[in-house]
Amino acid sequence: MIERFVSQLSALPTESTQQAVGYPSVFLLVMLGALVPVVPTGAVVSSAAVVAFHQTHPLSMLFVFLVASFAAFLGDVALYWLGRRGFGSRNGSRWLAALRRHAPPDRLEQAQLRLRENGVTVLVLSRLVPAGRIPVMLACLLGDWPLRRFARGDVPACLAWSATYMLIGILGGSLFPEPWEGVLAAVVLTVLLSTAPTIWRRLRRPGSGPGAGSEGQPT
């Protein structure tokens, strides 16, 4: 009994340290990933969920969910604001050009059509579909959506996105006894989910077989 009590006491600082470092790290990485689309933020949230799953604090999972959702929302709003500046400001045009590079014309056209038909609902789905966020965001910019309207639609989108990747992390944490095993499983699953649609589109694209010409960088 005494040995168990001592071991629990010795484990508390480690868990507290993980929380003190982990939450700010998740916030910064997710917000950076919202601003720079090439950062795999889904893997960050899933990994954090695995670590929280193995912690003893009853609210660890909730804290990760709230931090990830808030960071994703702030990053989206900041990127949208910078994109709106791009229509009339030379400084902001760089961000608008970056959005256009990550939104192929065919996907942008589809996003504009779905946005006209379904409105805010498309924002929620765009965050759940790999590489779907930027075309829809650019479609909102081209549709002259005010920042307030975009922000209202982005709140449920970020909540649904965080919940989805939290579930992936919980699955990885429940299948493996060691946290590092769950983190590895969550990262692998997240990467597969993120890259599978892009690989499938490239395989279906005409001229993508052996001997075809080189293509541009993945979006």
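What the table shows:
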{"quantity": "Linear extension gain, Leu113 paired with Ala151, 0.36 nm per residue minus alpha-carbon span", "calculated": "11.7 nm"}
{"quantity": "Cα-based shape type of region 92-165, given that a ≥ b ≥ c are square roots of the gyration tensor eigenvalues and the cut on a/c is 1.5", "calculated": "rounded"}
{"quantity": "Magnitude of the charge dipole, region 72-145, Cβ model with Lys/Arg +1 and Asp/Glu -1, debye to 20", "calculated": "280 debye"}
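Rule-based calculations on the coordinates, nothing more; no lab input. Quantities reported herein were computed from a predicted structural model and do not represent experimental measurements. Cβ coordinates were reconstructed from backbone atoms using ideal geometry, including for glycine residues, and neighbour counts include every protein chain displayed.
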